[in-house]
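Working notes for the structure below.
Each reported figure results from applying straightforward, stated rules to the coordinates on display, with no laboratory input. Predicted model only: the values in this text are computed from it and were never measured. Neighbour counts are summed over all protein chains in view; Cβ atoms, including those assigned to glycine, are modelled from backbone coordinates with ideal geometry.
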Amino acid sequence: MRETLDAVIRQLDLERVGDDAFRGDSRDSGQPSVYGGQVVAQALVAAERTVEGRVPHSLHAYFLLPGDVAAPIEYRVERLRDGGSFSARRVVAIQGGRPIFAMIASLQAPGDGLEHSASMPEVPPPEALRPFAALREGWLAEAGAVDPRVAAVLEAGRAFEFRPVDPVNPLRPSAREPRQAAWFRSAGPVPDDPGLHRALLAYASDTALAGTPLRPHGVSWAQVRLASIDHALWLHRPARVDGWLLYAMDAPSAQGGRGLARGQIFDRSGRLVASVAQEALMRDLRRGRTPG
């Protein structure tokens, strides 16, 4: 896992290829296309590199086309505004001459103001939960023969350790409430670079979220075509990704072949550090129709 984390950190160190233009590589995560969280994180890094003295507080992105893991991605940044306190940047990810992703990010100069935070859900601590690796081994042993494509995703190296509170076996799913929670942290220490921690938090924010709308239907990502359509992230407070963070997720609606998921990320002390929202495409490959 440490090797995978180091590879992700290297991917986030984008190469400058022109004025407000950057290039990044991808990592094969066992999926047929580029992991969406990687593109979000790299786009955030590109946006930050065109601003001084301001940090991102929100981003809103759309996934336009699947990315090819074998080809580099170019990130072109447009400086939309630099005001007294806020800056806005548009980032378009280009691959093969076509846009595959577009994002607008807002960045703000540090300041003080009124403050409150939602309460963290009461869940078992991470030390009381089984690591994903242990769960995976049990799932694979219980299933016997597994589709090689599904096994590749389950067995791929991960930059983050996840410990789900109420795990569902993706190979034998059962219907649950449309909510879930998981503790997560990076697979090792991360350098003291706040921008890197922000990018890695954005990277991890795309994990597990899209599967939340599937839970009440008794299906998993292994049985459907699941793809992120858009992604929104609000960064409320600084957080270190190499300490345990709780990701609490819920899915208020699924309709029209799409599912909406929301997430709140808390640090170990209970502070809300980030909020997330995402809509995903959900196509049930078993029955030729969408779940629900």
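What does the charge add up to near Leu214, with Lys and Arg as +1, Asp and Glu as -1, over the other residues with Cβ less than 10 Å from its Cβ?
Overall, the nearby charge balance is +1.
Given Cβ point charges of +1 (Lys, Arg) and -1 (Asp, Glu) and nothing else, what value in debye, to the nearest 20, does the dipole of the chain about its Cα centre take? Don't skip to the end; give the middle numbers.
Numbers: 35 positive and 34 negative charges, 163 e Å.
Computed charge dipole of the chain: roughly 780 debye.
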Between Ala141, Ser26, Gly256, whose Cα lies farthest towards the positive end of the dipole of the chain when Lys and Arg beta carbons carry +1 and Asp and Glu beta carbons carry -1, centred on the Cα centre? Gly256
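Please give me the summed charge of the neighbours of Ala41: other residues whose Cβ is under 14 Å from its Cβ, Lys and Arg +1, Asp and Glu -1.
Numbers: positive: Arg10, Arg27, Arg49, Arg198; negative: Asp13, Asp25, Glu48, Asp193, Asp206.
Taking every Cβ under 14 Å from that of Ala41, the sum is -1.
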Rounded to the nearest 0.05, what FRET efficiency do Ser33 and Val123 give with R0 = 25 Å and r taken as the Cβ-Cβ distance? Could you check? 0.20
Ratio of alpha-carbon Rg to the 2.2 N^0.38 Å globular estimate for segment 128-278, to two decimals, please. 1.04
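How large is the Kirkwood hydrodynamic radius of segment 161-204, counting all unique pairs of alpha carbons, in Å?
On the way: mean 1/r = 0.0782 Å⁻¹.
With all distinct Cα pairs of segment 161-204 included, I get 12.8 Å.
Order of 173-183, 111-121, 271-281 by packing, highest average Cβ count within 10 Å first?
Numbers: 173-183: 17.6, 111-121: 8.8, 271-281: 20.2.
Most protected by this proxy first, the peptides run 271-281, 173-183, 111-121.
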Using only the Cα atoms of segment 220-284, each taken as one equal point scatterer with no solvent, compute I(q) by the Debye sum, divide by I(0), and report log10 of the ratio at q = 0.12, 0.13, 0.18, 0.28 Å⁻¹. -0.37, -0.43, -0.72, -1.13
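Any idea what the relative contact order of segment 178-281 is, in percent, if you count C-alpha pairs under 8 Å spaced at least 6 apart? Present the calculation step by step, with values, prior to reporting the outcome.
Working: 206 pairs, mean separation 36.2, N = 104.
Relative contact order here is 35 percent.
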Among Val190, Ser85, Ala128 - extreme Cα towards positive end, dipole of the chain, charges at beta-carbon: Ala128
Centroid-to-centroid separation of segment 98-143 and segment 50-65 [C-alpha atoms, Å]: 18 Å
Hey, could you get me the Stokes-Einstein D for segment 185-240, Kirkwood radius over alpha-carbon pairs, 25 °C and 0.890 mPa s, rounded to whole µm² s⁻¹? 182 µm²/s
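Express in % the proportion of alpha carbon pairs of the chain at distances exceeding 24 Å.
On the way: 21573 of 42486 pairs.
Cα-Cα pairs in the chain separated by more than 24 Å: 51 percent.
Relative contact order for the chain: what percent, with Cα pairs under 8 Å and sequence separation of 6 or more?
Relative contact order, the chain: 18 percent.
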Rounded to whole Å, give me the distance from the Cα center of segment 214-232 to that of segment 155-213. 15 Å
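Taking the alpha carbon gyration tensor of segment 1-136, what are the square roots of 5 times its eigenvalues, largest first, to the nearest whole Å?
28, 25, 13
With N residues in segment 73-178, what two-decimal value do you get for its Cα radius of gyration over 2.2 N^0.38 Å?
Values: Rg = 21.5 Å, N = 106, 2.2 N^0.38 = 12.9 Å.
Cα-based Rg divided by the globular estimate yields 1.66.
Quote the FRET efficiency, to the nearest 0.05, computed for Asp6 versus Asp112 with a Förster distance R0 of 35 Å and r equal to the Cβ-Cβ distance.
Numbers: r = 36 Å, r/R0 = 1.04.
The calculated FRET efficiency here is 0.45.
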Label model pair Ile94, His57: point-to-point distance (7 angstrom along the Cα→beta-carbon line) in nm is 3.2 nm
Cα extents of segment 67-123 along the three principal axes, largest first (Å): 46, 41, 12
